[in-house]
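Inspection log for the structure reproduced underneath, given as C-alpha cells.
The values are calculated or read from the model by the stated rules, or taken from the named source; none is laboratory data. All values derive from a computational prediction rather than experimental measurement. Positions of Cβ are generated from backbone atoms using ideal geometry, with glycine treated the same way; all protein chains shown enter the neighbour counts.
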Amino acid sequence: MAAVASATTVIPYPAKAVQELATNTNATPEKYILKESIGRIDSELPYLDIPVLDLSLLDSSSPEAEEELKRLRLAFSSCGYIQAINHGIDLSFIDEVHDVTRKFFKLPMEEKKKYARDADDIDGYGNDTVFSENQTLDWNDRLYLNVKPENKRKMKVWPENPKNFRQVLVDLTDKLEKVNEILTKAMAKSLGLEEDSFLKQYGENKVSLTRFNLYPPCPTPELVLSAKAHGDPSGMTYLIPDKEVEGLQVLKDDQWYKVPIVQNAINVNVGDQLEIMTNGIFKSPIHRGRGSLMLSKYDVCLFLSTPKSNLRFKSEMQKLKFFSGIEQQDAYLL
C-alpha cells in the first residue's frame, strides 16, 4: 500500500518533464487533468480591457503625466493589471531574453537536468512541487532563479548554456528594477503619498526572483491548466510575454477574461504585498494560464518583493490578509 504524503511533506516531483510528456500527442496524464469541480478551461473568453500605459509619461513633467497617473490608479484599483509601453528597455534586448529562454528549454534534457532543483527547493529547473499524490499538476516546466540579494544566488543552477544566459538574467533584473522604481513612485503619487513610500518598504535587501517558463503543447488544453489560479505573493510582478501565443487569463468580478498580446509591452500586475501596503486600494489579481493544442509558449516573470520583515503591522489600521502562497496571517500597514 502506497504511503500518503502529509500536507507538509514534499514528495518527489514528476520524473518526467512536461516537455517530454508533450511528445505523446494522444493522451494527457491523469495527474494533470482538472477536477470536475473546476470544469473545462474555456478559450472563447472575452478580452479584458487592460489599460496600456506609457511609462515615459509617468516619468516626466509633461501635461499628460497627470492624466496617465489617474489611469494608473484606476487600473491597479480595479483589475490590478496594466500593459506598459515606452518602458525604456530596448526591444533588441527583449528579443535576447526570448532567445536565451527558448535556447535553454531546447537544450537536451540531460543538459537541462544539470540545473535541476532539489525536491524541497524552488531554485533551479523543474516543475510543480508535489505535496500530495492527489494534487493536480500544472502543465509547464520552469526555471526559478534567485537574483537578489546576491548572497541568495544558487549559482549551481544558473545555466551556463546559452553562454550569455547569466548576463542576460542579471541585466534583465537591473532593467526591470528601474521600471519598478518608475512605477512604484507613480503609484505612490497617484495615492497622494510621498513618491518613495513604497520603495522604502522594499529596503536595501529587496528580493528579485526570476522565472523562465515553458508551456508545451497539450493534447487536451481544455482539461488542464498551464498555471493554476493564483495571486502573486510578490510586491510587483513583471512579465515578458510570448510574442505570439496567448494563454494568460485574469479573474475580474467573478468572470475570467483573456489577456491580449500587446506587441513590445511588458505586462505588470500588483502582488499581494502591494495590496497590503495600499490597504487594499490596489488589487492583487487572481490569474491562471491555459495551454495550447499546437503551440509552445515561452515567457519570463520577474517577482520583486520586500523581505517579510519590512512589512509593517499595526492594529488600528485596516485589517488585510496575506494569501496565495504566503502563510495566512492578519496584516496591517503602518
Please go through region 149-177 and pick out each residue that is touching a Lys or Arg at 6+ places or on another chain (Cβ under 7 Å) and under 22 Å from GLY88 (Cβ atoms).
THR173
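Each row is one residue, and each column tells you yes or no for (1) of a type outside the set (A, V, I, L, M); (2) outside any helix (DSSP H, G or I); (3) touching a Pro at 6+ places or on another chain (Cβ under 8 Å).
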residue	(1), (2), (3)
HIS87	yes, yes, no
GLU96	yes, no, no
VAL100	no, no, yes
GLU111	yes, no, no
ASP121	yes, yes, no
SER132	yes, yes, no
GLN135	yes, yes, no
LEU145	no, yes, no
LYS156	yes, no, no
Criterion first (under 20 Å from GLU244 (Cα atoms) and in a helix (DSSP H, G or I)) does SER92 satisfy it?
yes
Between ASP299, ASP253, which is modelled with pLDDT of 90 or more and buried (at least 22 other Cβ atoms within 10 Å of the Cβ)?
ASP299
Inspect region 203-214 for any residue being more than 18 Å from ILE240 (Cα to Cα), buried (at least 17 other Cβ atoms within 10 Å of the Cβ) and modelled with pLDDT under 95 and give the result as yes or no.
yes
Filter region 123-158 down to residues that are touching a residue at least 40 places away in the same chain (Cβ under 8 Å) and either of a type in the set (S, T, N, Q) or surrounded by fewer than 16 Cβ atoms within 10 Å (Cβ to Cβ) (or both), then give me how many there are.
12
Identify, please: which residue in region 32-76 is basic (Lys, Arg) and in a loop (DSSP other than H, G, I, E, B) and is, among those, modelled with the highest pLDDT?
LYS35
Just to be sure before I move on: is LEU193 without any contact (Cβ under 8 Å) to a residue 24 or more places away in the chain, hydrophobic (A, V, I, L, M, F, W, C) and not in a helix (DSSP H, G or I) in the structure I sent?
yes
Does LEU248 satisfy the condition of being at pLDDT 85 or above and either exposed (fewer than 15 other Cβ atoms within 10 Å of the Cβ) or β-branched (Val, Ile, Thr) (or both)?
no
If I filter region 97-116 for residues that are among the aliphatic types (A, V, I, L, M), more than 25 Å from THR220 (Cβ to Cβ) and more than 19 Å from the chain's Cα centre (by Cα), do I get at least one hit?
yes
